[in-house]
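Nothing in this text is a laboratory measurement; each read-out follows from the coordinates by a stated rule. Everything numeric in this text was worked out from a predicted model, so none of it was measured. All Cβ positions, glycine included, derive from the backbone under ideal geometry; neighbour counts span all protein chains shown.
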Amino acid sequence: MTAGPRPALVRADHLGRVFDVSKPWLNRVLEGEDRKLLHAVTDVSFEIAPNEVYALVGESGSGKSTIGKMIVGLLQPTAGDIAIGESPRTGRSTRLQMIFQSPFASMNPRWRVRDIIAETIADPSIDRGARAGELLEKVGLSAEDAEKFPHEFSGGQRQRIAVARALAADPDFIVCDEPTSALDVSVQAQVLNLMRDLQEELALSYLFISHDLAVVRYMADRIGVLYLGRLVEDAPRDALFAEPLHPYTRMLLEAAPRLDAFGREAPPPQGEIPDPIDPPSGCAFHPRCPLANRRCKTEAPRTLALENRCVACHAVEEGRSA
Amino acid sequence: MTQSPVLSVTDLVVEIPTRRGVLRPVDSVSFDIAAGEVLGVVGESGAGKSMTGSAVIGLIDPPGRIASGEVRLNGARIDNLRPSEMRRIRGKRIGMVFQDPMASLNPLLTVGDQLEETIQVHLGLRRAEARKRAIAALEEVGIPAADRRIDSYPHEFSGGMRQRVVIALALAAEPEMVIADEPTTALDVSVQAQIVALLRRLCRERGAAVMLITHDMGVIAETADRVAVMYAGRVVEIGPVREVVGAPSHPYSVGLMGATPSTSGDAASERLKQIPGAMPRLLSIPSGCAFHPRCPRAFDTCDREAPPLLRSGSSLAACWLCSPDHQHLVQSATLPEAIE
Ligand SMILES: Nc1ncnc2c1ncn2[C@@H]1O[C@H](COP(=O)(O)OP(=O)(O)OP(=O)(O)O)[C@@H](O)[C@H]1O
Ligand SMILES: Nc1ncnc2c1ncn2[C@@H]1O[C@H](COP(=O)(O)OP(=O)(O)OP(=O)(O)O)[C@@H](O)[C@H]1O
Ligand code: SF4
Ligand SMILES: [Mg+2]
Ligand SMILES: [Mg+2]
């Protein structure tokens, strides 16, 4: 949220997205219902530097995918701006790509893998078949796989094909929306390692979206925590895990199952995520927050900029920790 | 004095005849679960976890069938019962919780109707009494305003609340054991923690044996007393959670733990360990130890002979490295490195 030393590759500025989820006009008139608006994303700002992995983490419905789609232009924001900078690598404008959770849904089952990958190659002077084979080898498959169809591959292999397809466009920046959450741990490890290697080798930037804190910790340089469409905390990875400031971040970290906590019996978190159509007043987290006071119930906290991190919480601002 | 186990599974084999050959999704599986104990069952997709659970409760879709082995509930065999007898055991003596709560709930009936029916049928109570018990059951699983919510339909609850209702339903008839198959996989982290804590507390209070199936190693580490790791239809390691998760013996268990990212420890930037390849298909299970093509420590015996479960600390592991005959091999293989 604060301007870094290097110009940002991607900047989201007070981004917002509202969905109209009302019933059709006639039904509303007959049933006497009001218009219903769902605030999926509210006032979200962050910056992603070249060669940086920025992660968005949050529970289901927190607005992660909506933000990812707005960044790549699949969805229009209803508020705020997205600024896409110039690529320091090529000097031209930054190229964006997206990788989705279920690679099958985003691939035409009747196309050969070669054509799926080559679809995003823009440069007509490139030999598409050769390039597809080269990219398949880069993601750990073989050039011969180019002749096969998507159904001939396992989930992990398909996710590798999705990575190859994203790379075919020679991108600077890839939005990865839960790229491994449908995969087994061993296959997830293969894909995460691959994505990390490519990021380093090709100096890519990622917006990495996940609900899994452990995965985010493995992948990200910086992490933004979303709750009900708002960014409640934004910090460098190590700072966030060593010293989470927002009570929601603390709750998430506390609730995440740990491999070394045999028989742990921490009291589980309180409550559930509220209805986004009718969110709580003030700070949306207040009904579940152990630190909530009167002010939290009425007044939405502003974003507090600290050194190299941000947090939106009255308790933090007031210096209360109990 | 050792208590006899609530559930005892011995050499269980499930077969599915297909045109291309007979599949064995469960192959010679044995384990016990004691009263009040949680046995975690882990392994990657296709390992045979759900199929093992389905075999225990007699819910294998034909043409699949239990080909051999035994399942005993408090000493009595239940694998050879008639379907009508098995139906009475499910719900009454074995409670079930699945990933999708709607698989256990009838969308057309209120939550109260379903709970009351279970209580009336299995505990033989009258209607008014059953309703009281149903409200108490909902309160126990943490449904707020249970006396009002009892007349709601399943779709009026959130995913987490629905799973609470299913737990109430699974425990309503005071079963001797509960099988929970990925009960939290579809839920958010914070709700998952609530459901796991609830399941563990209730089962412990009532002394029910629990078979908790999941691919989430973290959930297993925190919840299970003992853990069975499955690979290609077999149990490849079984033992106390501290050993199997904390210091695993079988190379597959070692691989699973090493591949799992963690939120704790200082290994934030340490590379995840990869297991090459993927779980084999049932029609092409490798010879010898089914894990050998992916195993970093495989040696010449591994592709010829399938290893039995061998003692390793307080666990059992199906790996030739644990065989006393091979201990010298293990040592001589690591010796040169040690000298360097
Ligand atoms: N096209 C749409 N129309 C109406 N509501 C939508 C639409 N897309 C998203 N929403 C709503 O916006 C909110 C944010 O959704 P989004 O998919 O961004 O969440 P998410 O954080 O990606 O969740 P998940 O972890 O479940 O993928 C949710 O309440 C969702 O129901
Ligand atoms: N009706 C069937 N016909 C043929 N094969 C089947 C059938 N049902 C299951 N299988 C196979 O049996 C094996 C074991 O399946 P099972 O559902 O027990 O796996 P699991 O360990 O529960 O995996 P997951 O984590 O994906 O739930 C798999 O290889 C699966 O493909
Ligand atoms: S038996 Fe051999 S192949 Fe199998 S896990 Fe042990 S060392 Fe690896
Ligand atoms: Mg999403
Ligand atoms: Mg299963």
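Rounding to the nearest 20 debye, state how big the charge dipole of chain A is about its Cα centre with +1 on each Lys and Arg Cβ and -1 on each Asp and Glu Cβ.
Here chain A has a charge dipole of around 440 debye.
Run the numbers on region B:1-155 and let me know its relative contact order in percent, using alpha-carbon pairs under 8 Å that are six or more apart.
Once divided by the residue count of region B:1-155, the mean separation gives 20 percent.
Mind checking B:254-262 for the average number of partner chain beta-carbons within 10 Å of each residue's beta-carbon?
What the average comes to for B:254-262 is 6.
Work out the P(r) tail for region A:58-115: percent of alpha carbon pairs separated by more than 17 Å, whole number.
Of all Cα-Cα pairs in region A:58-115, 59 percent lie more than 17 Å apart.
Output the antiparallel fraction of DSSP beta bridges having both residues in chain A, as a percent to the nearest 5.
The antiparallel proportion sits near 60 percent.
What's the long-distance tail for region A:207-273, i.e. % of Cα pairs beyond 20 Å?
Here the tail beyond 20 Å accounts for 28 percent of pairs.
Quick one: plug the Kirkwood hydrodynamic radius of region B:43-99 (C-alpha pairs) into Stokes-Einstein at 37 °C, 0.692 mPa s, and report D in µm²/s.
Stokes-Einstein gives a translational diffusion coefficient of 267 µm²/s.
Would you please put B:101-109, A:237-245 in order of how densely packed they are, using the mean number of other Cβ atoms within 10 angstrom per residue and starting with the highest?
With the highest mean Cβ count within 10 Å placed first, the list reads A:237-245, B:101-109.
Note down, for chain A, the three equivalent ellipsoid semi-axes (square root of 5 times each alpha carbon gyration tensor eigenvalue), biggest first, whole angstrom.
Semi-axes (√(5λ), whole Å): 36, 23, 21.
What is the Cα convex hull volume of region B:152-253 when expressed per residue in Å³?
That works out to 117 Å³ per residue.
Of the cross-linked pairs A:Lys23/A:Lys64; A:Lys69/B:Lys49; B:Lys49/B:Lys92; A:Lys64/B:Lys49; A:Lys138/B:Lys273; A:Lys69/A:Lys297, which ones have a Cα-Cα span greater than 29 Å in the structure shown?
Going by Cα-Cα distance, A:Lys69/B:Lys49; A:Lys64/B:Lys49; A:Lys69/A:Lys297 fall outside the 29 Å limit.
Convex hull over the Cα atoms of the protein assembly as shown, averaged projected area in nm²?
Answer in nm², one decimal: 35.7.
If all Cα-Cα distances of region A:47-167 are sorted into 10 Å bins from 0 onward, what percent lands in each bin, rounded to whole numbers?
Binned Cα distances yield the sequence 12, 36, 33, 18, 1.
Sum -39500 (n - 2.57) across every DSSP H segment of at least 4 residues in chain A, then divide by the residue count to get the 222 nm mean residue ellipticity, nearest 500.
Helices in chain A give a 222 nm mean residue ellipticity of -8500 deg cm²/dmol.
Among A:His286, B:His155, B:His250, which comes first, second and so on when ranked by fewest other beta-carbon atoms within 10 Å?
B:His155, A:His286, B:His250
Over chain B, how many percent of alpha carbon pairs lie in each 10 Å bin up to the one with the longest distance?
Percent of Cα pairs in each bin: 5, 23, 31, 23, 12, 4, 1, 0.
How big is Rg to Rh over region B:94-140, alpha-carbon atoms, Rh as the Kirkwood inverse-mean-distance radius?
On the Cα set of region B:94-140, Rg over Rh gives 0.98.
Can you tell which of B:Ser30, B:Ser315, B:Ser158 shows the greatest fluctuation in a Gaussian network model of chain B with Cα springs below 10 Å?
Per the Cα network of chain B with a 10 Å cutoff, B:Ser158 tops the list.
Can you compute log10 of I(q)/I(0) for region A:221-322 with the Debye formula, treating each Cα as one identical point scatterer, at q = 0.25 Å⁻¹?
With no solvent term, the Cα-only Debye profile gives -1.48.
From Cα pairs below 8 angstrom and at least 6 apart in sequence, can you work out the relative contact order of chain B, rounded to a whole percent?
So the answer I get is 19 percent.
What span do the alpha-carbon atoms of region B:50-148 cover on each of the three principal axes, reported in whole Å from largest to smallest?
That works out to 48, 27, 22 Å along the principal axes.
Quick one: which residues, 5 or more positions from B:Leu7 or on another chain, have an amide H under 5 Å from its amide H? H modelled 1.01 Å from N in the peptide plane, none for Pro or chain starts.
Amide H to amide H, under 5 Å and 5 or more residues apart or across chains, B:Leu7 pairs with B:Ile33, B:Asn74.
Rounded to the nearest 0.05, what FRET efficiency is calculated for B:Arg304 and A:Ala143 with R0 set to 25 Å and r the Cβ-Cβ distance?
Once the sixth-power term is evaluated, E becomes 0.15.
Taking the dipole about the Cα centre of the protein assembly as shown, with the C-beta of Lys and Arg at +1 and of Asp and Glu at -1, give me whichever of B:Gly142, A:Leu228, A:Leu213 is farthest to the positive side.
Farthest along the dipole direction, towards plus: B:Gly142.
Sort B:Ser84, B:Ser249 so that the residue with the fewest other Cβ atoms within 10 Å of its own Cβ comes first and the one with the most comes last.
B:Ser84, B:Ser249
Once the dipole of region B:248-301 is set up with Lys and Arg at +1 and Asp and Glu at -1 on Cβ about the Cα centre, which of B:Ser264, B:Ala290, B:Ser253 lies farthest towards its positive end?
Checking the options against the dipole of region B:248-301, the answer is B:Ala290.
Could you give the dipole magnitude of region B:95-243 about its Cα centre, charging the beta-carbon of Lys and Arg +1 and that of Asp and Glu -1, in debye to the nearest 20?
With Lys and Arg at +1 and Asp and Glu at -1, about 300 debye.
I need to check one value: relative contact order of region A:95-226, counting alpha carbon pairs closer than 8 Å and at least 6 residues apart, in percent.
Dividing the mean separation by the residue count of region A:95-226 yields 29 percent.
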